[in-house]
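Inspection log for the structure reproduced underneath, given as structure tokens.
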Amino acid sequence: MVMGLKADSLNDPGDLPHLKNLSNIRDREDQEEVKMPRKIFIFDTTLRDGEQVPGASLNAAEKMEIARQLAKLKVDVIEAGNPISSLEDFESVSSIAQEIKGPVICALARCVAADVDRAGEAIKDCEKPMIHVYIGVSDIHMSGQLRKTPEQVMKMAVSSVQQAKSMCHEVEFSPMDAARARPDYLYEVIEATIEAGATVINIPDTVGYAVPEQFGQLISDIGQNVPNISKVRLSVHCHDDLGMATSNSLAAVKAGATQIECTINGMGERAGNTALEEVVMGIKTRSDYLDAYTDIKTQEVMNASRLVSRLTGFPVPPNKPIVGSNAFAHSSGVHQDGVLKERTTFEIMNPEDVGLQESEIILTARSGRHALRHRLSELGYELSDEQINRAYERFLKVADKKKEVFDEDLTAIVEDELPSIPQTYYLDYIQVSSGTRFVPTATIGLRKGDELIQEAAYGDGPVDAAYKAIDKITGVKVELADYSIHAATKGKDAMGAVLVRIRDNGHTFIGRGASTDIIEASAKAYVNAINKMLHGTK
Ligand code: KIV
Ligand code: ZN
């Protein structure tokens, strides 16, 4: 049975602007081009390629939160995961497919029958489903990894597209490592998979090897050499190994591609994928050159970036384009002078266009529940009355210690106070003593239900001592794989936000904790990670 999407929803020939562009390329010599801005589809793969990063490990609730934000951002396609990879991934893709309305929800599969079946099963209840199948087509992938002849690979590609098509109208095919493939073979595979029913052809630069002029040329060559290319949407998927993913994607757009695959904050394998925020703002800012636009609600970009950074535990570097904390900061006197006189002297984008706004309300110990609820809602947290009460109690404690409570403090409070998983253990109190002449010791009280369990331990430092005391209480043996701390805001009175990664049996669990006392924040983060482990969720 063919599921869901009406034929016209993505690929009505009238809705295929890249075809206009490809035919523009063909006609350019004969006639003067009529410039029509082309819509560029944004295919987000944060939850699939982005999540493949070691240590990113998102649980199902976190993936759903990101999917909701991607829908707010108005991406065209969400690649929700690779259902065959684990039961957890399968369930997460199915629940995103059932709940999220608006974007197309896509499931990835290798060109293997069992994978395609599982992908189809995961998205069967989706309003707008898509299956994405891929197989390596460069000589090095075919002989070095797949150990298959080009003819065998061609057969696998065609039969997988046909199988996917029998379950779902929208089928994307990716000839993996296309940027290093022999062009003639690549054209043949593309032609055959379109014939088999693919509606989107995605050209991956899997290892980040291409350079912009060459990649753009590859896209126009595909336009010229694949006779049935006009039946599909042409997409690109670039990796950033040489720092050229954004440039390659935009060069491809200039050459006729009408879909970019990308991730929030450029998360992804190795050096990552094309960053969504970079290509979207590149297209918006240089629409004069690219003759293109996207449907992205750019004011949601900052929220998406912060959410993904917070949930994956990967900080955004300050100098990261668009979303780094310095991306709109001007420090040189000349620049400051220019911006104050006329913003556009040194700013090519308006910070408000990416969702950067100075809060007009400053929260202090005198602020009430209403102001707190209002600000939290602006930050994307819709809390119940009971949750607001808990967050408010905690807010007052922080506000007593600090003069002003900033957005980052609020985020830390909410994340800390309202964990998304059941709390088997809850930190009741912590007492530490340490100093240059003492052996650091910690006494910890953890609540388990109504019971208060207390233990003391010594260690190499106060955090080590606290963790050893917690280990004694919980009785679980875990490996501390990573520990990091940063100030949630500026100033000496800033809250410390701690992130830990613990490992158990090859699984990684992320824990977070925040407090104006960094030892307490460290203990909370560790307990949070252990609770996730005990609950069996990442
Ligand atoms: O990088 C790649 O080639 C991929 C494919 C699955 C599209 O991620
Ligand atoms: Zn990839």
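The values are calculated or read from the model by the stated rules, or taken from the named source; none is laboratory data. This one's a predicted model, so the numbers in the text were calculated from it and none came from an experiment. Glycine also receives a Cβ, built like all others from the backbone with ideal geometry; neighbour counts cover every protein chain displayed. Quick note on the areas: whole protein, heavy atoms, side chains included, nothing else; ligands and nucleic acids left out. Shrake-Rupley method; radii C 1.70, N 1.55, O 1.52, S 1.80 Å.
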**Asked** Taking H as built 1.01 Å from N, whose amide H comes closer than 5 Å to the amide H of residue 38, not counting residues under 5 places away?
**Response** 292, 293
**Asked** Carbon and sulfur together cover what percent of the accessible area of the chain at a 1.4 Å probe radius?
**Response** 50
**Request:** Kindly provide the Kirkwood hydrodynamic radius of segment 236-349 in Å, to one decimal, from all pairs of distinct alpha carbon atoms.
**Result:** 15.1
**Prompt:** What is the antiparallel percent of DSSP beta bridges lying wholly in the chain, to the nearest 5?
**Reply:** 45
**Fill in**
segment 391-538: relative contact order from alpha carbon pairs under 8 Å, six or more residues apart, as a whole percent, is 19
**Item:** Kirkwood hydrodynamic radius of segment 147-245, from inverse mean 1/r over distinct Cα pairs, in Å
**Value:** 13.7
**Request:** Within the chain, what's the longest run with no GluC sites (Glu not before Pro) in a DSSP loop and at most 10 other beta-carbon atoms within 10 Å? Give the range, please.
**Result:** 33-341
**Item:** With 5 Å bins from 0: P(r) over segment 168-304, alpha-carbon pairs, percent
**Value:** 2, 11, 21, 23, 19, 15, 7, 2, 0
**Asked** What whole-number value in Å² describes the accessible area per residue of the chain for a 1.4 Å probe?
**Response** 45
**Request:** Could you please state, rounded to a whole Å, how far the C-alpha centre of segment 464-515 is from the C-alpha centre of segment 152-199?
**Result:** 46
**Request:** Among 438, 422, 456, pick out the residue whose Cα is farthest towards the positive end of the charge dipole of segment 417-459, where Lys and Arg carry +1 and Asp and Glu carry -1 on C-beta, about the Cα centre.
**Result:** 438
**Total formal charge among the other residues, if their Cβ is under 10 angstrom from that of residue 248, Lys/Arg +1 and Asp/Glu -1** = -3
**Request:** Treat every Asp and Glu Cβ in segment 150-266 as -1 and every Lys and Arg Cβ as +1, leave all other atoms uncharged, and give the resulting dipole magnitude about the Cα centre to the nearest 20 debye.
**Result:** 220
**Request:** May I ask which of 165/297; 231/284; 128/284; 63/532; 341/492; 124/297 have a Cα-Cα span longer than 23 Å here?
**Result:** 165/297; 231/284; 128/284; 341/492; 124/297
**Request:** For segment 89-123, run through the trypsin sites (Lys or Arg not before Pro) and keep only the ones in DSSP coil with at most 16 other Cβ atoms within 10 Å of their Cβ.
**Result:** 101
**Prompt:** Of all trypsin sites (Lys or Arg not before Pro) in segment 430-485, which ones are in loop regions per DSSP and have a Cβ with at most 14 other Cβ atoms within 10 Å?
**Reply:** 437, 477
**Asked** What are the radius of gyration and Dmax of the chain, computed over its Cα atoms and given in Å?
**Response** 25.5, 85
